[in-house]
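Enquirer: For reference, the structure I am asking about is given below.
The values are calculated or read from the model by the stated rules, or taken from the named source; none is laboratory data. Given the structure is predicted, the values throughout are model-derived calculations rather than measurements. Heads up, the Cβs are rebuilt from the backbone with ideal geometry, glycines too, and the neighbour counts pull from every protein chain shown. For the accessible areas, the whole protein counts, side chains as well, though only heavy atoms, and no ligand, DNA or RNA atoms are used. Shrake-Rupley method; radii C 1.70, N 1.55, O 1.52, S 1.80 Å.
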Amino acid sequence: MKESTTQKISIGSSENRYNPIEIEARWQEKWNKNQLHLTQEPFEGQETFYALSMFPYPSGNLHMGHVRNYVITDVIARLQRMRGSAVLHPMGWDGFGLPAENAAIERKINPAEWTFKNIDQMRAQLDRLGLSIDWDRQQTTCHESYYKWTQYLFLELFEAGLAFQKEATVNWDPIDQTVLANEQVDSDGRSWRSGAIAEKRELKQWFLRITDYAEDLLEGLKELKGWPEKVRTMQSNWIGKSKGAEIKFKLEVESQPTISIFTTRPDTLYGVSYIVMSPEHPMVEKTISKDNLIELRAYRNKLKKITLDERLSNSHVITGMPLGTKAINPINGMKVPIWIADYVLLDYGTGIVMGVPAHDERDYKFAKKYNLPIQDVIERPAMENHIETSPPWTGEGLLINSDKYNGTESHKAKDLIVEQGIKDGWAEEKIKYRLRDWLISRQRYWGCPIPIIHCNNCGSIPANRKDLPIKLPTNINLNSKGGSPLENEQNWKKVDCPKCGKDAKRETDTMDTFICSSWYYLRFADPKNTESPFTNEEIGKWLPVSQYVGGIEHAILHLLYARFITRAIYDRGLINIKEPFDKLLTQGMVQGLTYKNPRSGKYIKYDEVSCKDNPKDPQTGEELEILYEKMSKSKYNGIDPASVIDNYGADTARMFILFKAPPEKDLEWDDADVEGQYRFLQRVWKLAETSKNEIKKMNLDINVFSPSTISIKDLSVKELELRRNVHYAIKAITNDLDGSSQLNTAISELMKLSNNMANIISYSRPEVVLEAISVFIRLLAPFAPHISEEIWYKLGGKESVHKQSWPIYDKDATIQDSFDLVIQIKGKVRGQIKVPIESSKETLEELALASEAAKKWLGNLPPKRIIVVPGKLVNIVPQ
């Protein structure tokens with residue numbers, strides 16, 4: 001990371017100068033000493049609010065993405081406290097995982113040492129941001145006091161039949177030497193961690209039966225009104241519900257098994273000219289002619305070099321091979337050849353498809369390449385050309401070449417053909433899902449041990465709950481490859497069977513880290529419970545999470561897993577909620593200024609670019625692209641949060657990160673905008689000093705002052721204007737913070753109010769000034785907590801500003817009897833006049849014509865046309 005490039009501003013040491021470094025350190029110390037942010041037990045009738053950021057992996061250093069996430073959540077938590085809710089705002093650490101294990105191998109230490117050192121370092125960095133986190137509830141997934149309950153919940157799932165072990169074709173990361181879930185392999189077929197091309201291997205693995213909840217998870221999305229539509233769509237697509245039918249094709253040789261094929265287009269059954277299987281399908285060996293086995297092995301070896309994304313790409317040249325056998329189409333008795341092809345995937349449907357080249361694009365390409373028959377069975381629109389030269393028709397229409405179904409609309413034919421198949425025994429209505437069971441086995445050390453014991457006599461037996469946690473051994477060789485390092489720990493692995501007492505061995509795979517993060521939000525509600533992971537009483541008190549904040553990259557992985565685990569635990573009777581998160585905010589990325597060589601794709605360090613306006617590659621002299629990309633070490637475009645805090649203070653960092661862009665949008669880092677927020681807080685400081693001097697004139701007490709003591713009828717025009725601006729700001733900012741949390745526009749309103757106050761307070765009596773500054777500081781407090789606390793204290797506040805009530809909007813204060821009418825001449829603003837609020841269009845026209853602006857620009861000429869916009873302007877068009 002680089003430091004912020006703007007020079008540090010001199011802030012002086014005078015008592016009346018804004019000194020953020022000193023102020024922030026002092027108040028952070030006082031808040032910690034007074035335990036200001038401890039979660040308070042809600043009193044009877046009090047609303048509760050659970051504000052939660054997705055907890056971080058403890059890499060050791062905060063980046064600006066962290067800052068944005070946690071500051072957004074902190075503003076929401078602070079606001080809710082001021083609104084009178086009992087607030088739970090905890091934080092923890094996603095401590096297990098391969099990065100820590102790899103770092104430990106490199107440094108020849110235990111991953112625990114590396115992880116907990118990083119936690120201490122990141123905790124100190126977080127503290128500098130002034131976050132109102134209840135650290136008394138801190139949880140760390142790799143601590144035995146936490147993973148004891150992860151193991152407990154695993155046993156609940158095991159007893160419910162939701163955790164099981166089976167032989168499976170899995171994704172294998174050849175660099176990290178571990179298995180990957182489908183969701184952890186990207187669209188290029190690469191591991192989400194190491195970037196290596198994932199290989200396919202047959203291994204015995206542990207799974208969670210998330211597919212049992214596919215329909216429930218899909219239906220539950222309809223209730224998540226507080227979630228972004230994009231996230232709900234991503235989850236819906238991942239679950240991938242398809243309605244169709246399963247068609248049974250008998251093989252030409254009666255002794256061979258029947259092939260079942262799922263299709264959403266039974267109306268095209270008469271157009272089947274071949275059957276095609278996934279090359280990995282277990283039915284291939286049972287179906288293939290012995291003469292084709294050598295060719296099969298060669299084809300499969302070739303296929304291992306092709307990524308999943310390449311197989312699915314429209315530009316990929318489809319390949320396949322015949323198995324030398326045939327199947328019988330049940331609707332017309334035609335014999336069709338059986339092939340394998342790389343465009344068919346084992347994980348979708350039954351892993352076998354019926355080739356209908358006239359009505360499917362990939363089938364069409366395959367048939368053209370291998371000279372397979374193409375038979376139209378859906379009538380094409382009149383403008384379509386001949387079948388041999390036209391692309392496949394994938395839409396609906398009237399059936400042709402389909403025997404008794406000719407002339408039937410395709411959507412009706414689907415039902416009729418399935419009905420015939422059900423009657424004749426070769427079809428069955430089916431619903432299929434793209435979702436696959438969650439593979440949770442990992443062949444590494446630094447993860448939660450799976451609490452299962454394998455016995456030759458008894459099979460796989462759950463560990464006794466009284467023996468939890470099953471702890472990881474500490475002195476272990478982590479350098480072993482190809483399997484779990486725990487396999488070599490004989491003393492740890494050997495154990496007595498809890499059922500028969502004979503020799504047995506522990507499970508040596510560990511759990512995927514997403515298991516640990518799929519329930520942590522529940523533990524925060526009852527963090528010190530030593531008898532169970534949580535109680536229903538505490539869950540009912542705080543859950544579901546009122547506002548969850550994190551990146552959209554977790555839409556499918558973490559968020560889907562958490563929804564599944566919550567449902568599974570609900571079904572076990574442990575909790576009374578089915579959805580874990582009520583509202584979800586997915587914040588955008590923080591992007592940094594980036595220099596990139598477009599030819600080589602190489603990123604160039606900021607300090608290696610000599611001319612920032614006309615950047616050149618320091619080695620080749622080639623012109624560089626200037627763009628904004630997500631901050632990353634590899635792109636040399638990161639900004640160290642510590643350098644910003646050192647230069648400007650945490651409040652400035654918070655204000656910038658909140659003001660620069662709406663929370664759900666990407667944010668482009670700009671040092672000039674950081675400095676702009678610093679200058680704004682300096683103006684706030686000066687405004688508070690001026691206000692304090694005005695208030696002193698009447699020795700007003702901010703702790704007991706009430707706006708109701710202000711005599712409205714005695715106020716001047718300026719004072720009425722000040723109150724109006726104050727209450728407009730209360731309304732606007734409150735609205736911005738409700739619903740979609742538009743924090744950037746809320747800060748914009750604060751800046752407008754600050755400017756208005758600076759122009760008016762010197763003309764206002766002390767009680768009006770006190771109301772204005774009291775409201776302003778309370779509105780500012782969630783965004784810039786340190787300077788707000790300091791100013792509140794200087795104004796005489798006895799209790800923390802963060803314990804004060806959120807300002808209440810007074811509609812009457814915004815009522816005005818006049819407004820500024822803009823005068824335009826031929827569309828250009830030439831002046832304005834103050835007019836009564838209730839003025840009619842005719843009155844506004846008369847007042848505008850009588851104005852000095854009209855007299856100056858019209859002279860003695862009569863107007864050609866007058867356009868009146870009530871409440872805003874009058875536009876006069878002269879002759």
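Enquirer: Quick check: residue separation of Met334 and Glu219 times 0.36 nm, minus the Cα distance between them. What number comes out in nm? Don't skip to the answer; put the middle values down first.
Expert: On the way: separation 115, 0.36 × 115 = 41.40 nm, distance 4.06 nm.
Gain on stretching Met334 to Glu219: 37.3 nm.
Enquirer: For the range 651-668, just list the computed ³J(HN,Hα) in residue order, Karplus coefficients 6.51, -1.76 and 1.60, θ = phi - 60°, integers in Hz, with x standing in for Gly and Pro.
Expert: Each residue of the range 651-668 in turn: 4, 5, 4, 5, 4, 5, 5, 8, 8, 4, 7, x, x, 7, 9, 5, 10, 9 Hz.
Enquirer: Which of rounded, prolate, oblate describes the range 30-96, given a ≥ b ≥ c as roots of the alpha-carbon gyration tensor eigenvalues and a/c under 1.5 marking rounded, otherwise prolate only if a/b is larger than b/c?
Expert: Working: a/c = 2.05, a/b = 1.93, b/c = 1.06.
Prolate, because a/c is 1.5 or more and a/b exceeds b/c.
Enquirer: OK, next. What are the principal axis extents of the Cα atoms in the range 192-281, in Å, biggest first?
Expert: 55, 38, 23
Enquirer: Same structure, new question: Find how many whole Å separate the alpha carbon centroid of the range 105-126 from the alpha carbon centroid of the range 128-175.
Expert: Taking the Cα centre of each part, the range 128-175 and the range 105-126 sit 19 Å apart.
Enquirer: Turning to a different aspect of this structure: With the Cα gyration tensor of the range 80-119 in hand, give its eigenvalues times 5 under a square root as the equivalent ellipsoid semi-axes, listed largest first in whole angstrom.
Expert: Numbers: eigenvalues 266, 13, 7 Å².
Rounded to whole Å, the semi-axes are 36, 8, 6.
Enquirer: Using modelled backbone amide H atoms (1.01 Å from N, in-plane), which distant-in-sequence or interchain residues come within less than 5 Å of Ser818's amide H?
Expert: Amide H to amide H, under 5 Å and 5 or more residues apart or across chains, Ser818 pairs with Ile837.
Enquirer: Among the trypsin sites (Lys or Arg not before Pro) within the range 779-879, which fall in a DSSP loop and have no more than 15 other Cβ atoms within 10 Å of their own Cβ? Present the calculation step by step, with values, prior to reporting the outcome.
Expert: Numbers: sites: Lys794, Lys798, Lys803, Lys811, Lys826, Lys828, Arg830, Lys834, Lys841, Lys855, Lys856, Lys864, Arg865, Lys872; in loops: Lys798, Lys826, Lys872.
In loop regions of the range 779-879 (DSSP not H, G, I, E or B), the sparsely surrounded trypsin sites (Lys or Arg not before Pro) are Lys798, Lys826, Lys872.
Enquirer: Something else about it: Ignoring ligands, DNA and RNA, what percent of the accessible area of the range 807-853 is carbon or sulfur (1.4 Å)? Show your work: numbers first, answer last.
Expert: Numbers: 1530 of 3040 Å².
The computed percentage sits at 50.
Enquirer: Under the rule of -39500 (n - 2.57) per DSSP H run of 4 or more residues, summed and divided by the residues of the chain, what mean residue ellipticity at 222 nm is obtained, to the nearest 500 deg cm²/dmol?
Expert: Working: 26 runs with 298 residues, N = 879.
Calculated at 222 nm, the ellipticity per residue is -10500 deg cm²/dmol.
Enquirer: Right, something else. What is the percent carbon and sulfur in the accessible area of the range 513-632, measuring with a 1.4 Å probe over the protein chains and ignoring ligands? Provide the component values of the computation, followed by the final result.
Expert: Values: 2230 of 4880 Å².
Carbon with sulfur: 46 percent of the solvent-accessible area.
Enquirer: Let me ask something else about it. Obtain the nm distance between the two label points defined at Lys499 and Ala196 by a simple spin-label model: each point lies 7 Å from its Cα along the Cα-to-C-beta direction.
Expert: 3.6
Enquirer: Compute the length gained on full extension between Asn61 and Asp120: take 0.36 nm times their separation in residues and subtract their Cα-Cα distance, giving the result in nm to one decimal. Before the final figure, lay out each step's value.
Expert: Values: separation 59, 0.36 × 59 = 21.24 nm, distance 1.03 nm.
Extra length available between Asn61 and Asp120 comes to 20.2 nm.
Enquirer: Now, a different point. Hey, if we sort Glu229, Glu156 by accessible area with the 1.4 Å probe, largest down, what's the order?
Expert: Details: Glu229 110, Glu156 20 Å².
Per-residue accessible area, sorted high to low, gives Glu229, Glu156.
Enquirer: Under a 1.4 angstrom probe, counting protein chains only, how are Glu295, Glu29 ranked by accessible area, largest first? Don't skip to the answer; put the middle values down first.
Expert: Details: Glu295 90, Glu29 130 Å².
The ranking, largest first, comes out as Glu29, Glu295.
Enquirer: To the nearest 10 Å², what's His63's accessible area with a 1.4 Å probe?
Expert: Counting only protein heavy atoms, His63 exposes about 80 Å² to solvent.
Enquirer: Let me know the Rg and Dmax you get for the range 389-502 when you use only its Cα atoms, in Å.
Expert: Over the range 389-502's Cα set, Rg and Dmax evaluate to 28.1, 75 Å.
Enquirer: Something else now. If you put +1 on each Lys and Arg Cβ and -1 on each Asp and Glu Cβ, how big is the dipole of the chain around its Cα centre, in Debye rounded to 20?
Expert: On the way: 116 positive and 119 negative charges, 166 e Å.
For the chain, the charge dipole is close to 800 debye.
Enquirer: Moving on to the next point. Give me the one-decimal nm value for the distance between modelled label points at Tyr570 and Asp136, 7 Å along each residue's Cα-to-Cβ direction.
Expert: Inter-label distance under the simple model: 3.1 nm.
Enquirer: Continuing with the same structure: I'd like the carbon and sulfur percentage of the solvent accessible area for the range 177-257, probe radius 1.4 Å, heavy atoms only, ligands and nucleic acids excluded.
Expert: On the way: 1880 of 4100 Å².
Whole-percent figure for carbon plus sulfur exposure: 46.
Enquirer: Which of Thr709, Ala772, Val726 sits closest to the plus end of the dipole of the range 688-803, meaning its Cα is farthest towards the positive end, when Lys and Arg get +1 and Asp and Glu get -1 on the C-beta?
Expert: Thr709
Enquirer: Which trypsin sites (Lys or Arg not before Pro) in the range 223-307 sit in a loop by DSSP (not H, G, I, E or B) and have at most 11 other Cβ atoms within 10 Å of their own Cβ? Don't skip to the answer; put the middle values down first.
Expert: On the way: sites: Lys225, Lys230, Arg232, Lys241, Lys243, Lys248, Lys250, Lys286, Lys290, Arg297, Arg300, Lys302, Lys304, Lys305; in loops: Lys225, Lys304, Lys305.
Passing sites in the range 223-307 are Lys225, Lys304, Lys305.
Enquirer: Rounded to the nearest 0.05, what FRET efficiency do Thr258 and Glu295 have when you use their Cβ-Cβ distance and R0 = 22 Å? Mind dumping the intermediate values first?
Expert: Numbers: r = 25 Å, r/R0 = 1.12.
Result of the calculation: an efficiency of 0.35.
Enquirer: To continue, here is another question. Under the 0.36 nm per residue contour assumption, what length would be gained going from the current alpha-carbon distance of Lys369 and Lys616 to full extension? It would help to have the intermediate numbers written out before the result.
Expert: Working: separation 247, 0.36 × 247 = 88.92 nm, distance 4.80 nm.
Gain on extension, Lys369 to Lys616, equals 84.1 nm.
Enquirer: What distance in nm separates the two pseudo spin-label positions at Glu361 and Lys752, each 7 Å out from Cα along the beta-carbon direction?
Expert: Reported label-point gap for Glu361 and Lys752 is 4.8 nm.
Enquirer: Semi-axes of the chain's equivalent ellipsoid from the Cα gyration tensor, sqrt of 5 times each eigenvalue, largest first, rounded to whole Å? Don't skip to the end; give the middle numbers.
Expert: Numbers: eigenvalues 719, 314, 147 Å².
Listed largest to smallest, the semi-axes of the chain are 60, 40, 27 Å.
Enquirer: Further question: For Lys365, what accessible surface area do you get with a 1.4 Å probe? Give it in Å², rounded to 10.
Expert: 90
Enquirer: Excluding ligands, DNA and RNA, what is the solvent-accessible area per residue of the chain at a probe of 1.4 Å, expressed in Å²? Don't jump to the answer; show the numbers that get you there.
Expert: On the way: 40270 Å² over 879 residues.
About 46 Å² of surface per residue is accessible.
Enquirer: Just the accessible area for Thr115, please: 1.4 Å probe, Å², rounded to the nearest 10?
Expert: That residue has around 0 Å² of solvent-accessible surface.
Enquirer: Using θ = phi - 60° and the Karplus relation 6.51 cos²θ - 1.76 cosθ + 1.60, list the HN-Hα couplings for the range 397-411 in order, rounded to whole Hz, with x at every Gly or Pro.
Expert: x, 8, 6, 10, 6, 10, 6, 5, 8, 4, x, 7, 5, 4, 5
Enquirer: Which Cα, out of Gly638, Met655, Leu627, lies furthest along the positive dipole direction of the range 611-703 (beta carbon charges, K/R +1, D/E -1)?
Expert: Checked the options; the winner is Met655.
Enquirer: Show Asp613, Asp127 ordered by accessible area, largest first, where the area counts protein heavy atoms only and the probe is 1.4 Å.
Expert: So, going from the largest accessible area down, we get Asp613, Asp127.
Enquirer: Right, next: Please report the projected area of the range 99-242's Cα convex hull averaged over all directions, in nm².
Expert: On the way: hull surface 50.8 nm².
For the Cα atoms of the range 99-242, the hull's average projected area reads 12.7 nm².
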